[in-house]
Every structure is written in C-alpha cells, then in structure tokens.
Number of protein chains: 2
Amino acid sequence: MTSPEGGDRRPASERLADELRRSIESGELPAGAKLSSERELAELHGIARNTARQAIRLLAESGLVIAEHGRGVFVRPAISVIRLGNDRYSPRYRDTGLSPFLLECAKQGKAGRFEVLSVERVTPPADVAARLKLSPDTLSALRRENVFWADADPVQRVTTWLPWALADGTALLRDEVGHPFGIHGILEERGHTMTRIHDEISARMPTPDEREHLQLSPGVPVLDVLHTSIDTEGEPYELTRFVMRADLSGLRYDAPVE
Amino acid sequence: MTSPEGGDRRPASERLADELRRSIESGELPAGAKLSSERELAELHGIARNTARQAIRLLAESGLVIAEHGRGVFVRPAISVIRLGNDRYSPRYRDTGLSPFLLECAKQGKAGRFEVLSVERVTPPADVAARLKLSPDTLSALRRENVFWADADPVQRVTTWLPWALADGTALLRDEVGHPFGIHGILEERGHTMTRIHDEISARMPTPDEREHLQLSPGVPVLDVLHTSIDTEGEPYELTRFVMRADLSGLRYDAPVE
DNA sequence: GAGTGGTCTAGACCACCTA
DNA sequence: AGGTGGTCTAGACCACTCC
C-alpha cells in the first residue's frame with residue numbers, strides 16, 4: 001500500500017481486510033457477490049499478491065467470505081440454521097412420523113435425509129464407557145455411525161454407542177432398524193424409556209477427517225455434543241456424539257429450572 | 001522438501017504439519033514443549049520458511065500449538081474446561097453464596113471473578129427485543145455487560161438485557177446490585193421467578209472485537225448462547241448473551257424429557 | 001545482540017473452473 | 001485458453017523476548 005492513510009499503522013493486510021469487511025457490512029458487497037481477484041486487489045492497492053491473500057484469509061477465518069478454487073472469492077450468503085432442540089426426543093413428535101432432524105429440515109423447506117455409515121461391535125473410548133457406566137469386564141458396545149444431510153450439505157456426523165448386552169440379538173444390529181420410532185422405539189420395548197437427558201456441549205475446530213466428511217470450509221468450527229440418555233431408573237443406557245457444522249446448525253434447550 | 005517420500009503427493013506444508021502432529025500425539029513433543037523454530041524446520045526439511053510457517057499455521061488452527069511472538073511455538077497444554085450447566089440458575093446452589101460461574105471455578109481450583117463493563121439504557125437489537133416480546137413502543141432496555149475471569153484468563157463476555165420498565169428505579173441500575181442472589185434475586189422480589197429457560201446455542205469464529213477482549217489465539221472459536229428467562233406466567237423477562245471461549249469453556253444441560 | 005515469530009515482496013508453477 | 005485460487009521460493013525488514 002502506498003502509505004498508511006490516516007496514520008493507520010496496522011499491517012496492510014489488516015487494513016485491506018477491514019476495508020473489505022466494511023464493504024460487506026454496508027451492503028456494498030451483498031451476499032453472494034464476487035470480490036476482486038487477489039491479483040486485482042494487489043495491483044489496486046499497490047501491495048503484493050500474498051498480502052492481498054492474507055487479507056482474504058482474515059475474512060475467510062471470520063466466516064465472511066468463502067474462496068472457491070478457480071472461481072473466485074464470494075461473500076458468504078446468510079444461511080438458515082438447523083437448530084436441534086432438546087425436545088428432539090419428545091414423544092410429542094411421534095405422530096409426525098418424522099425423526100427430529102428431518103422435522104427441523106421440513107420446517108425450513110429443506111430436504112433432509114440420513115445415511116448409515118457403519119454398524120459395528122467395538123470397545124468404546126474411555127469417556128463414552130465412563131458415561132455409560134460400563135464396567136471393565138463388559139467393555140463392549142454397539143456403535144452406529146450416521147451422517148445427516150440437508151439438501152446437498154452434510155450437516156451432522158452422529159455416532160451412537162449402546163451397551164452390547166442391550167443391543168445383542170435385536171434389530172439394532174441391522175443397518176435399517178425398521179422401527180417407526182427409530183432406535184429409541186426398540187430401546188423402549190426393551191424397557192428403557194428416556195426420562196432425562198444429559199448433554200455436554202463443546203465447540204472446536206474440526207479434525208482434518210471431519211473437515212473432509214462435513215465438507216467444511218476453512219474457518220468454520222464444529223459443535224461437539226455428547227448426549228447421554230437416562231432411563232426411569234436414573235441409569236444411562238445410550239450415548240450419542242453429534243459433530244455438527246456450526247455454520248449450518250445450532251442447538252436449543254427448553255427446560256424447567258429445577 | 002527434497003521429494004514426496006512414500007509417494008505422498010500432498011503439499012509439503014501439509015506433510016510437515018502431519019509429521020509434527022504425529023510427534024505431538026505420540027507424546028514425543030509433550031504439552032508445553034517448544035517446537036523447532038520456523039527457520040530450523042525450513043532448513044531441516046529443505047523448504048522455504050514460509051512453507052514451514054504454513055505448516056505451523058495448520059497446527060495452530062486446529063488448536064494443537066500456540067505461537068508466541070519472540071519466544072517460539074509451543075505444544076498447547078491440555079486445559080480444563082469450565083462447563084456452565086443449566087442448573088446454574090437452580091435455587092439449590094444459593095446456600096453456597098457463590099454465583100454459578102464462581103462455583104464452577106472453585107470446583108476446578110481456579111480463582112474466578114467478574115468485572116462490570118457497563119450498565120446502560122439502550123434500544124435492544126431486534127433479535128433481543130423479539131425474544132423479550134418488547135413491543136415497538138416500549139423498545140427500551142437496561143443492558144449490563146460483564147466479563148468473567150478464571151485465574152488470569154478472560155473466559156466469557158456476558159451481556160444482559162432487561163425491559164426498562166422492570167429495571168427502572170431498582171438497584172439493577174447500579175454497578176454492584178448488592179443482592180446476595182444477584183440480579184435474579186432482585187427480579188424475584190419484583191415478581192419474576194425463573195421457571196423455565198430457553199437457550200439457543202451457536203458456535204462461530206470470534207469477531208475482531210471479541211478476539212481482543214477474550215485474548216483469543218487464532219483458531220479458537222466461541223460459543224454464543226442466547227439465554228431467555230421465563231417466569232411463572234410463561235413470559236420472558238430477561239435475556240443474556242454469553243460469548244464464551246471454546247478452548248476454556250463448554251456447556252452442560254440436564255433436563256427431563258417432556 | 002541474537003533469536004524468535006509477524007509481515008511483506010516479486011516472482012513462479014500448479015489445480016481448478018469457465019468459456 | 002485465460003483467469004482464478006493454492007502453494008511455494010528466497011529473500012527482506014520489523015516487533016518482541018531473553019540474555
């Protein structure tokens with residue numbers, strides 16, 4: 001850049017990032033608009049291409065723009081968020097015949113579907129075993145992995161663990177469990193009715209693996225939810241980890257103060 | 001790099017990042033250890049310094065290392081997470097005389113404190129007004145801003161909005177509300193007992209402002225929680241936005257299935 | 001003062017998309 | 001084919017930390 005206008009002593013990349021950010025927030029660059037190319041920005045501002053590139057990275061990291069290889073850099077469109085609520089397990093919604101995720105997609109006019117990745121007998125990781133209160137001599141569980149899609153976007157990776165003793169010999173071992181109320185319908189028939197939930201929520205950047213599976217653009221974090229189902233006896237019997245794209249989804253909890 | 005060993009055709013920066021990642025995960029580089037400097041890494045691997053730098057950025061973005069200007073790059077130590085639970089509003093904890101955040105800090109042996117940033121009469125943003133069911137002719141609210149600290153780290157920025165009619169003329173306008181049960185103690189005396197909560201949770205990268213206030217390292221997302229308090233009449237009367245460092249904090253919900 | 005990360009330059013080639 | 005972003009090089013200077 002020719003000179004730090006207005007006595008702005010910050011790095012040129014930050015100044016350019018701020019200029020572009022203002023253009024976006026003022027609406028001068030509306031959602032979906034294409035920014036000038038890195039080479040154009042560099043020439044216009046009298047800086048090296050790498051410096052313009054650094055400015056764009058700053059914007060991409062805060063989620064304002066998205067770079068598309070070979071096409072250009074675009075202002076990220078506002079997206080509607082799929083908000084998974086704690087009422088997702090409520091018997092109230094059973095008569096819709098839809099699982100909670102699909103119901104939420106339908107509300108937002110999106111086509112939801114899910115895919116079964118694997119159904120396997122495994123030794124669960126320590127944090128899962130602890131929350132399921134599995135004793136060391138029964139350290140065996142059924143693990144089911146799914147991916148949930150809304151339209152063309154993968155939104156959540158969902159991994160469920162069940163104590164092996166509970167799952168063995170049931171339809172839970174099949175890819176399609178074939179019960180109108182899903183796996184919780186089968187678990188109810190086996191005497192475990194979900195009475196309380198215990199959810200632990202974290203946010204973090206995705207692992208390289210997750211970045212690929214969820215088609216995450218750089219700078220988008222994930223919500224990591226560890227859900228434990230508690231039965232009428234107060235005992236845990238099912239655990240699910242949701243890894244959710246934070247740009248497309250969120251959570252909602254409605255609960256009494258106890 | 002001299003040649004893509006083992007036919008690995010990925011960029012050199014990714015290969016170096018993976019090599020370092022393995023060293024960290026195997027314990028060869030334990031928490032707190034200093035990595036070789038960028039210049040050393042470049043020379044050792046026969047790559048340009050910028051390429052070594054890119055590898056380190058990949059690791060920093062996934063939270064594995066932290067770069068300290070003038071000192072070096074260090075393996076990020078495992079950190080204990082302050083998990084804010086929905087029982088934070090429970091009357092059960094009143095006899096401890098501690099607010100929920102301070103209680104959670106105490107449990108983890110940290111020194112918790114909070115700081116009042118501002119107490120002002122404002123026109124609330126649209127999303128806040130809607131959740132508080134403020135009508136357009138009473139669009140006025142008291143806003144209180146706080147920062148919560150654990151030891152030397154700022155952990156949460158907390159902003160509370162109250163309908164002006166509810167706050168006017170009360171101790172809520174003062175910096176220190178001077179009630180043993182905090183603002184909710186005063187609100188109860190004014191006839192609003194928290195009966196239910198409605199929390200909406202998102203994760204995102206911080207704004208530049210938040211990055212500064214929360215002293216966030218690059219690649220650390222925030223949890224953004226919009227909490228609404230519902231009284232015995234089922235009406236909302238208080239709204240709080242928590243912006244929490246995701247590397248130091250999380251959430252927990254224990255709730256009945258209704 | 002020596003060493004570190006942070007920023008920047010002015011080039012180069014590659015991978016990808018659009019036409 | 002031409003333009004785009006992705007990666008890389010081989011330098012340079014600055015800001016910060018530590019001795």
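The values are calculated or read from the model by the stated rules, or taken from the named source; none is laboratory data. The structure displayed is predicted, hence computed values, not measured ones. Every residue, glycine as well, gets a Cβ built from its backbone with ideal geometry; the counts of neighbours run over all protein chains shown. Quick note on the areas: whole protein, heavy atoms, side chains included, nothing else; ligands and nucleic acids left out. Shrake-Rupley method; radii C 1.70, N 1.55, O 1.52, S 1.80 Å.
List of remarks:
- Diffusion of the range B:1-152 by Stokes-Einstein, at 20 °C in a medium of 1.002 mPa s and with Rh set to the Kirkwood radius over alpha-carbon pairs, works out to 106 µm²/s.
- Residues considered: B:Asp231, B:Asp175, B:Asp127. Largest GNM mean-square fluctuation over chain B, using C-alpha springs under 10 Å, is found at B:Asp127.
- Dividing the alpha-carbon radius of gyration of the range A:5-75 by the rule-of-thumb value 2.2 N^0.38 Å gives 1.03.
- The order of the peptides B:66-73, A:157-164 by mean Cβ neighbours within 10 Å, most packed first, is A:157-164, B:66-73.
- Positive contributions from Lys and Arg (+1) and negative ones from Asp and Glu (-1), summed over other residues with Cβ under 9 Å from the Cβ of A:Arg196, come out at -2.
- The range B:5-75, relative contact order in percent, only Cα pairs under 8 angstrom and at least six apart counted: 36 percent
- Label geometry 7 Å along the beta-carbon vector: A:Glu120 inter-copy distances in nm: 5.4
- Proportion of all alpha-carbon pairs of the range B:141-258 beyond 18 Å (%): 57 percent
- Distance distribution note for the protein assembly as shown: the fraction of Cα pairs above 43 angstrom is 23%.
- Percent accessible area from carbon and sulfur atoms, the range B:19-76, protein chains only, probe 1.4 Å: 48 percent
- Inter-chain neighbour count for B:244-253: the average number of beta-carbon atoms from partner chains within 10 Å of each residue's beta-carbon is 5.
- Distances between equivalent label points of B:Asp18 across the copies, with each point positioned 7 Å along Cα→Cβ, amount to 4.0 nm, shortest listed first.
- Three-way shape call for the range B:99-191 based on the alpha-carbon gyration tensor, with the a/c threshold at 1.5: prolate
- Average Cα contact separation per residue, chain B, under 8 Å, 6 or more apart, as relative contact order %: 17 percent
- Between the range B:189-236 and the range A:73-103, the alpha-carbon centres lie 20 Å apart.
- Dipole in debye (nearest 20) - the protein assembly as shown, about Cα centre, beta carbon charges: Lys, Arg +1; Asp, Glu -1: 860 debye
- Cα centre as origin, Lys/Arg/Asp/Glu Cβ charges: chain A dipole, Debye: 540 debye
- Sorted from nearest, the other copies put their B:Pro30 label points 5.9 nm away, the label point being 7 Å from Cα in the direction of Cβ.
- Length-normalised contact order of the range A:1-143 in % [C-alpha pairs under 8 Å, at least 6 apart]: 16 percent
- Computed [θ] at 222 nm, helices only, for the protein assembly as shown once each DSSP H run of length n ≥ 4 contributes -39500 (n - 2.57): -7000 deg cm²/dmol
- Shown here are the Rg and Dmax of the Cα trace of the range B:213-258, at 14.5, 44 Å.
- Remark: accessible area buried at the A-B interface is about 3200 Å², both chains counted, probe radius 1.4 Å.
- Nonlocal amide H pairs with B:Ser140, under 5 Å, H built at 1.01 Å: B:Trp164
- Probing with 1.4 Å while keeping every protein chain in the model, the per residue accessible area of the range B:1-115 equals 58 Å².
- Alpha-carbon Debye profile of chain B, log10 I(q)/I(0) at 0.12 Å⁻¹: -0.80
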